[in-house]
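Derivation of every value follows stated rules applied to the coordinates shown; laboratory data play no part. Since this is a predicted model, take the numbers as computed values, not measurements. Here the Cβ positions follow ideal geometry from the backbone for every residue, glycine too, while neighbour counts run over all protein chains shown.
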Amino acid sequence: MTLIKKHIPLAICFIVGLLTLSTYYIPTKASENYIEVMNKWENIMAGFAFLLGLFSLFFSHYNKMKRKVDGWGYSLFVFVGFFAMVIPSVLSHGRQMVGPDLTGLGWGYRFLFNALSGTMFSVLAFYIVSTAYRAFRIKSAQAGVLFVAALIVIVGKVPLGQMIWETVLGWTHVGVTDIVQWLMDVPVVAGKRGILMGLAIGGIVTALKIVFGIERQYMGKD
Amino acid sequence: MSETMMIFGGWVAAGLTIFLFSFLYKDNPFFKIAEHLYLGAGMGWVFQTMLFQTWIPKVWEPLRAGDYYVLIPSLLGLTLVTQFFPKISWVSRYGFTFIMGYGSGLVIPLTISTDLMKQIGGTISPFMVSEITRGNATSLLNAAIVAIGFICVLFYFFFSVEHKGVIKKASNVGIYFLMLYFGAAFGNTVMGRFSLLYGRFDDLYKYSGERFHYATFVILGAMVLYFIVDHFRTRKPAVEEEAA
C-alpha cells in the first residue's frame, strides 16, 4: 500500500519535474510538444483545483446555516452572490456583451462584482493611511528614509503634490516627477534586485527539494 | 439591456458601495451582507470563467471530438476533490504531486533566467567597456549606485558570516536601500488604492444623478438613519453603565 500511497505519487513528481526541467535546456520539437501538452493539462487541473476551494467554501457556509451559528443568515448571501453570477453566465454563454448591449453576466460584473471588488480594495486606502500614521513615526534614520521615499512617490504622482512641490521647491529647478523617476530607476532597483535574488535562490532550492522528494509536506500525513 | 435594468444596476452598485464603506464607521449587518455577497460573486465569477474558458473548450469539446487524452488531467484534477473524504484522501496526492512536479520543473529554469541571471546581468552590463564608452558620467554613476546598493543588500541577507566590521557597515547601507524600496512600494500601493477610491466616488457621483433617481443620496440617507436608530436602540441605560 505504501507503494500506491507514497512511492508512486513521489515518482510522478520526480519524473514530471525532471522532464519539465530538461525541456528548457534541451530545446527540441519533442520538448515543445511536451510543454504545450503539459500547459494544457495544468490548465485543466487548475480548473479542478478551483473546485476544491469552492466546495470547501460551500461546505463551510452550509454547515454554518445547518447548525444555525451566530450570523448564519449572512452565509446565505454567499450562495446568492454565487448564483447571481453563474446563472446569467450560463444563460448568456459566458458573454458580457451582445452587440452594444450588456448581457445578464455583463450586468452582474459591472454593477455587482466590479462595485464590490473596487470598494473592498479602496476601503483599504483608509486603513493604509491610518496605519501609516502609526508606522511612520520616525524613530530612526532608516524609518526616516522609508517615510521620505513614500512621501516623494505619493507627492510626485498627484497633480496637487506636484503643484505644492513647484511652489515650495520650484527654485531648485528639479521636478518631483524627475526625482520619482530616478528613485524608481536607481536605488529602488538596487533594493528590489537584492530581494529578488534572495527569493530566486529560495525558490530554486525549494523547487529542487520538491522534485527530489525531500520536501513533501504538501502530501499531508499518512 | 433596458433602461430599467441599468437604473436598477445603479441602485445595486451604489447600495453595495455604501454598505462596504459603512464599515469605516462601525461593523454592521449591511456591511456583512455585502461582504458575503462579494465572496459569493467572486467565486461565481471564477467559476463561470473556468466553465467557459477551461471545462467546456478544453475538456468537454475535445471529449466530444474523440480526444480522450484530456481524461488524464481531468481525472488527476478530480483526485484533488478526494481531500473531502478522509478515508481516500491519499488519492489526492496523485493530483498534487503532478502539479508540484510540473510547477517546480517549470519554476527552476525560469527563475534562473529571469530573477537570477538577468538581474546579475543588468547590474554588471553597464560596466562593460562597450557600455562605458557609449554612456555618460551620470548613467555610470547611477549604475554604480545600483551595483553598490545591490551588493550591500545581499550582504544584509548573507548570514553565513557574522555581521561585524566592514560587513556590518555594508549591511547597514543595504538596509537604507531596502527602506527606499519599501517606501516606494508603499507609496505606489497607497496611490493604487486611492485611484480605486476615486473610481468608487466617481461612480457614486454618477448614481446620485436624476437618471438614477438620486440612488446615492437615498441610500446614504437611509444608512445614516439606520445608524441613528441603531445608536439609540443599542444604547445602554445610564444606571446600568454606572453599575458596570
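Some notes on this structure:
- Comparing B:PHE158, B:PHE217, B:PHE150 in a Gaussian network model of chain B where C-alpha atoms under 10 Å apart are linked, the largest mean-square fluctuation is found at B:PHE158.
- Under the convention that each Lys and Arg Cβ holds +1 and each Asp and Glu Cβ holds -1, the size of the dipole of the protein assembly as shown around its Cα centre is about 1080 debye.
- Each Lys or Arg adds one and each Asp or Glu subtracts one; over the other residues with Cβ under 11 Å from the Cβ of A:TRP72, this totals +3.
- Amide H contacts of B:PHE158 (H built 1.01 Å from N, in plane; Pro and chain starts excluded): no residue 5 or more places away or on another chain comes under 5 Å.
- Taking every residue in B:11-20 and counting other chain Cβ atoms within 10 Å of its Cβ, the average works out to 5.
- Exercise: per-residue mean of other protein chain Cβ atoms within 10 Å, B:162-174: 0
- Segments A:91-97, B:198-204 sorted - mean Cβ within 10 Å per residue, highest first: B:198-204, A:91-97
- Global form of chain A, assessed from the alpha-carbon gyration tensor, a/c cut-off 1.5: oblate
- Global form of the protein assembly as shown, assessed from the alpha-carbon gyration tensor, a/c cut-off 1.5: oblate
- On Cα atoms only, tilt of A:141-157 relative to the major axis of chain A in degrees: 90
- Sparsely packed loop sites in the range B:127-170 (the trypsin sites (Lys or Arg not before Pro) outside DSSP H, G, I, E and B with at most 13 other Cβ atoms within 10 Å) comprise B:LYS164.
- Shielding by partners - mean other protein chain Cβ count within 10 Å, residues of A:163-171: 0
- Positive minus negative residues near B:ASP115 (Lys, Arg vs Asp, Glu; Cβ under 15 Å): +3
- Global form of the range A:1-105, assessed from the alpha-carbon gyration tensor, a/c cut-off 1.5: oblate
- The slack between A:VAL168 and A:ASP185, meaning 0.36 nm per residue of separation minus the straight C-alpha distance, is 3.6 nm.
- Shown for chain A: lysine pairs separated by 8 or more places, or found on different chains, whose C-alpha atoms are under 30 Å apart, numbering 17.
- Point-charge dipole on Cβ atoms (K/R +1, D/E -1) for chain A, about Cα centre, debye to 20: 880
- Equivalent-ellipsoid semi-axes for the range A:71-112 (Cα gyration tensor, √(5λ), whole Å, largest first): 25, 10, 4.
- Nonlocal amide H pairs with B:TYR214, under 5 Å, H built at 1.01 Å: B:GLY209
- Ranked by the mean number of other Cβ atoms within 10 Å of their residues, highest first, the peptides A:37-48, B:57-68 come out as A:37-48, B:57-68.
- Whole-Å distance, taken between Cα centres, linking the range B:179-202 and the range A:80-111: 30
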